[in-house]
1. Please go through the range 130-150 and give me each residue that is open to solvent by less than 50 Å² (accessible area, probe 1.4 Å) and touching a helix residue (DSSP H, G or I) at 6+ places or on another chain (Cβ under 9 Å), ordered by number.
2. Mind checking whether some residue in the range 161-178 is within 29 Å of ASN226 (Cα to Cα), surrounded by fewer than 16 Cβ atoms within 10 Å (Cβ to Cβ) and at pLDDT 90 or above?
3. Farther than 20 Å from GLU143 by Cα and crowded, with 20+ Cβ neighbours inside 10 Å - does that describe any residue in the range 82-91?
4. If the Cβ limit is 6 Å and pairs must be 6+ apart or interchain, which residue in the range 89-105 that is over 15 Å from LYS167 (Cβ atoms) pairs with which residue that is surrounded by fewer than 16 Cβ atoms within 10 Å (Cβ to Cβ) and at pLDDT 95 or above?
5. Please enumerate the residues belonging to the range 226-242 that are outside any strand (DSSP E or B) and in contact with a helix residue (DSSP H, G or I) (Cβ under 9 Å, 6 or more places away or on another chain).
6. Picking from GLY207, GLY216, which residue would you name as being open to solvent by less than 60 Å² (accessible area, probe 1.4 Å) and either at pLDDT 90 or above or among the charged types (D, E, K, R) (or both)?
7. Pick from the range 62-81 the residues that are touching a helix residue (DSSP H, G or I) at 6+ places or on another chain (Cβ under 9 Å) and open to solvent by less than 10 Å² (accessible area, probe 1.4 Å): which of them is nearest to GLY164 (Cα to Cα)?
Amino acid sequence: MHKRWKRVLQFGLSGMMAIGLLTGPTGMVDAQAVNTIHFTGYFDKQLREKFAVTADSFPVVNVRLVKQDEPDVVYYDVGTSILISKDEVLTNYHVVQEYAELAKGDEGTLTVASPGELKRPIKAKIIKTDPVTDMALLKLDEEINVQPVTFANARDNQLVYTIGFPKNPDGDLVILDDEFPATYNTIAKSRVSSPNATDVPGRKGIGSIVKSMAQGNSGGPVLDQNNQVIGMMTFVYGSRTYFITSQTLQDFIKDSAKPTRKQVVVAGKVSN
């Protein structure tokens, strides 16, 4: 997916958006209320309540930037993330790309917030990125008091759910009122089209579901009926939304725990 940005100008808002972008168990405390969630498709009352709690394991990622040559303009982006430990989240690389590649002199902030506490954002830093597979691992300055996720493998044609945070007009970590239902975090039903998609040239470790998501859903989860993460949404291609498979996500997390190997020079050659 390509990056979408909006500019907050001194005298108003103007939008610039690239096409094709998308930016746990029950019983947790501080879960958001059912009426703060926009559901796409039919959900009975019990399922609504279940997902209202589950959604807290998928925090909002907010990025704000000021460019050196445009000091009066604030660039921002809002995406979704997956809580893998109390103080670590996964998201798409393209959500934090501008922050990760800040030029000298530019300023930026990276924050993450639980859906149940959007007015209490937590600062974060980037631990590791993989631009090729569109993944980024973030470390939070403090813990989020909700349950981290568990992973499972996707199956062909299985029923799945997606959770994401469509952009709001100001790029803030807030859920607006009923006049702006499109700005709510959105939970939608879908089905797996392919657990191991091969129809996108040059891309491996992805699967697809049968409908596209809203802007702001980048980095959001694809969940099975047991609320386990089978993948993370990454881009839209044609009529399908593609997700990074759970195995690819877990390999990325596992590799990030390995100590960095220093380069060793031997006989004039550099090896890792």
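The values are calculated or read from the model by the stated rules, or taken from the named source; none is laboratory data. Please read these numbers as outputs of a predicted model, since none were measured by experiment. Cβ placement follows ideal geometry from the backbone for every residue including glycine, while neighbour counts extend to all protein chains displayed. SASA here: full protein model, heavy atoms, side chains in, ligands and nucleic acids out. Shrake-Rupley method; radii C 1.70, N 1.55, O 1.52, S 1.80 Å.
1. Across the range 130-150, the qualifying residues are ASP130, THR133, ASP134, MET135, ALA136, LEU137, LEU138, ILE144, VAL146, PRO148, VAL149.
2. No, because not a single residue in the range 161-178 is within 29 Å of ASN226 (Cα to Cα), surrounded by fewer than 16 Cβ atoms within 10 Å (Cβ to Cβ) and at pLDDT 90 or above.
3. The answer is no, given that none of the residues of the range 82-91 is farther than 20 Å from GLU143 by Cα and crowded, with 20+ Cβ neighbours inside 10 Å.
4. Note: pairs meeting the criteria are ALA100/ILE126.
5. Within the range 226-242, ASN227, GLN228 qualify.
6. GLY207
7. Ranking the qualifying residues of the range 62-81, first place goes to THR80.
A quick yes/no check of all residues on (1) in a strand (DSSP E or B); (2) of a type in the set (A, V, I, L, M):
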| residue | (1), (2) |
| --- | --- |
| PHE51 | no, no |
| LEU65 | yes, yes |
| ASP77 | yes, no |
| GLU98 | no, no |
| GLY116 | no, no |
| LYS123 | yes, no |
| LYS128 | yes, no |
| LYS139 | yes, no |
| VAL149 | no, yes |
